[in-house]
Amino acid sequence: MTLDELGKKVKYLEQKVRTIEDIEAIKRLQQAYGFYLERGMYQEIVDCFSDSTDVTLNWLQGQYRGKEGVKEYFAFLSKEFSPPALLHQLMQLAGIVDVNTDGVTARGRWYGFGPVFFPKTMGGRRILFSGIYENEYVKEDGVWKILSLKWMMPYALDIPNGWNMPEEIAAPFLRGEFDDPEPQIILDANDPRYMNGYILPFHYRHPVTGKVTSESTLNAALAGKKKKA
């Protein structure tokens, strides 16, 4: 092996190590966010987000934009989650993280699954929910932060009232019924995330074939069936 070849090999290995370290840092960030969210820990949640003006919290209600939008939403949430008897357990599962070639931006996909138990003073509801995150991350001053967080819910179980499908989950927000702060961008009535069977697009290609996966075709067929119905 020549010195030039050795130098290239070392450079390659250094890049691989940096990528692995970045992926682990992003996973730790996302998992920490979930623990803070369980108890509405306002400052800790807000500190997980970038300071960029491009920050977006693309939530059930619509989009909260910028760091101020994030602060407004989670300030409200922290008050709602203040009773110690309220339990919100968020399990973030099956995370797939890809760091872009620039080394300072990345994307990740996660399941979010768990129960929300409201105390009797808050109605006593029992909810089991399933959600999917498609997030973007940015490295600022060497530290990974959340740049955008997109969330959808394929279903929720409201005990004892039964299953809620995406259309039912979206209905109150489409009627303008907001207990929490109104987002800067209101939920679009045609947002496909609230169409039962919709596949939130994957940020990555198939890991074996390297091909773009077929969710766009399946989603288009689903939308076509909905229009005919």
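The values are calculated or read from the model by the stated rules, or taken from the named source; none is laboratory data. Just so it is clear, the model here is predicted, and its values are computed rather than measured. Please note: Cβ atoms are built from the backbone with ideal geometry, for glycine as well, and neighbour counts cover all protein chains shown.
The residues of region 177-229 that are touching a strand residue (DSSP E or B) at 6+ places or on another chain (Cβ under 6 Å) and not aromatic (Phe, Trp, Tyr), listed by number, are 183, 184, 185, 186, 187, 193, 200, 203.
When you scan region 25-43, do you find a residue that is in contact with a Pro (Cβ under 8 Å, 6 or more places away or on another chain), modelled with pLDDT of 85 or more and either loosely packed, with under 14 Cβ neighbours inside 10 Å or farther than 30 Å from residue 101 by Cβ (or both), even just one? Among the residues of region 25-43, not one is in contact with a Pro (Cβ under 8 Å, 6 or more places away or on another chain), modelled with pLDDT of 85 or more and either loosely packed, with under 14 Cβ neighbours inside 10 Å or farther than 30 Å from residue 101 by Cβ (or both), which makes the answer no. If you go through region 187-229 and pick out every residue that is aliphatic (A, V, I, L, M), surrounded by 15 or more Cβ atoms within 10 Å (Cβ to Cβ) and either touching a residue at least 60 places away in the same chain (Cβ under 8 Å) or outside any helix (DSSP H, G or I) (or both), you end up with 4.
You will find that of 110, 144, the residue that is over 22 Å from residue 60 (Cα atoms), crowded, with 19+ Cβ neighbours inside 10 Å and out of contact with any His (no Cβ under 9 Å at 6 or more places or on another chain) is 144 and no other.
Does residue 4 satisfy the condition of being assigned to a helix (DSSP H, G or I), acidic (Asp, Glu), exposed (fewer than 12 other Cβ atoms within 10 Å of the Cβ) and free of Cβ contacts under 8 Å to residues at least 60 places away in the same chain?
yes
Just one residue in the set 228, 211, 150 is modelled with pLDDT under 90 and of a type in the set (Lys, Arg); that residue is 228.
For region 120-140, the set of residues classified as in contact with a Lys or Arg (Cβ under 9 Å, 6 or more places away or on another chain) and charged (D, E, K, R) consists of 134, 136, 139, listed by residue number.
Scanning region 123-147 for residues that are part of a strand (DSSP E or B) and either at pLDDT below 90 or over 15 Å from residue 98 (Cα atoms) (or both) returns 126, 127, 128, 129, 130, 131, 132, 140, 143. A single entry from 104, 116, 70 fulfils the requirement of being of a type in the set (Val, Ile, Thr), closer than 27 Å to residue 171 by Cβ, over 16 Å from the mean Cα position of the chain (by Cα) and surrounded by 13 or more Cβ atoms within 10 Å (Cβ to Cβ): 116.
Filtering region 164-177 for residues that are touching a Lys or Arg at 6+ places or on another chain (Cβ under 8 Å), touching a residue at least 24 places away in the same chain (Cβ under 8 Å) and part of a strand (DSSP E or B) leaves an empty set. The condition of being buried (at least 17 other Cβ atoms within 10 Å of the Cβ) and more than 17 Å from residue 196 (Cα to Cα) holds for only one of 135, 161, that being 135.
Quick one: in region 74-87, of everything that is surrounded by fewer than 19 Cβ atoms within 10 Å (Cβ to Cβ) and closer than 24 Å to residue 193 by Cβ, which residue is nearest to the chain's Cα centre (by Cα)? Here the answer is 77.
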